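Beneath this line is the structure, given in structure tokens, with notes to follow.
The values are calculated or read from the model by the stated rules, or taken from the named source; none is laboratory data. Worth saying up front: this structure is predicted, and the values here are computed from it rather than measured. Please note: Cβ atoms are built from the backbone with ideal geometry, for glycine as well, and neighbour counts cover all protein chains shown.
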Amino acid sequence: MFEFVFCRNKTIWTLIQFVFVLCIVPPASAGNIDSAYTKIKLQDCVLIEPAAEEGTYGGAFECVGYQGMQVRVAEGDLRMFVSFGLNAKQEPAAEQTLPNFNTVNETLEWRLRNGVPFATILRWFPSVDESGKTGSILIVTQLLPGGGTCWIAKIDAQANKDANVLARQAADTMAGTTDCSQGAIILGNPGIFHRG
């Protein structure tokens, strides 16, 4: 019976996993947690890889994040890729994007523990249909240099009034302990993730 429920209703299973994380698993380390904000404005960033003359690669930029941390923003086939750190291109986040055409918001939230960034929250705007309508997705990325910088949670901000709260809770309880090979979990009402 449990296997049937698990296979038939991933939403319930995802919710159970998140509740387990919130209630059982302690934060990566205790400390004062706060937020800081920076902007992603490509006109202020350095072009590090030009767009391909042929094909769909739109190039890559290096932007300045919190306390000078490198933010790599790339575009390919009308989809964005955002990664962080000195070796941002080698991190799993550099290859993560949404399946639909998308763009990202300018404002990047950094979650800080005792002033040190351990996660980011960024709003993505995926296309929903051919009319140009877009969704609004919050992506939580853990900052773990050396192959551990990756997406850990996704929240449909249009389907969840408390999307920012869910994103911060995920960052504060999961960042630093999540295995990138497991993929990001969907939190709250799946909304756009339930389609297709």
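Structure notes:
- Within the stretch 160-181, none of the residues are out of contact with any Leu (no Cβ under 6 Å at 6 or more places or on another chain) and within 15 Å of Leu98 (Cβ to Cβ).
- Applying the criterion of at least 1 residues that are loosely packed, with under 14 Cβ neighbours inside 10 Å and at pLDDT 50 or above to the strands (runs of 3 or more DSSP E) found wholly in the stretch 1-82 leaves 33-39, 46-49.
- Among residues of the stretch 159-171, those that are buried (at least 18 other Cβ atoms within 10 Å of the Cβ) and of a type outside the set (S, T, N, Q), counted: 6
- Exactly one residue out of Lys154, Lys133 is out of contact with any strand residue (DSSP E or B) (no Cβ under 7 Å at 6 or more places or on another chain) and not small (Gly, Ala, Ser): that is Lys133.
- Phe125 vs. criteria surrounded by fewer than 22 Cβ atoms within 10 Å (Cβ to Cβ) and under 13 Å from the mean Cα position of the chain (by Cα): yes
- Beta carbons closer than 6 Å, at least 6 apart along the sequence or on distinct chains, pair a first residue in the stretch 31-50 that is over 19 Å from Ala171 (Cβ atoms) with a second that is small (Gly, Ala, Ser) for Ile48/Ala60; Glu49/Gly59; Glu49/Ala60; Pro50/Gly59.
- Qualifying positions in the stretch 80-111 - more than 18 Å from Thr149 (Cβ to Cβ) and either aliphatic (A, V, I, L, M) or out of contact with any Gly (no Cβ under 9 Å at 6 or more places or on another chain) (or both): Phe101, Thr103, Asn105, Glu106, Thr107
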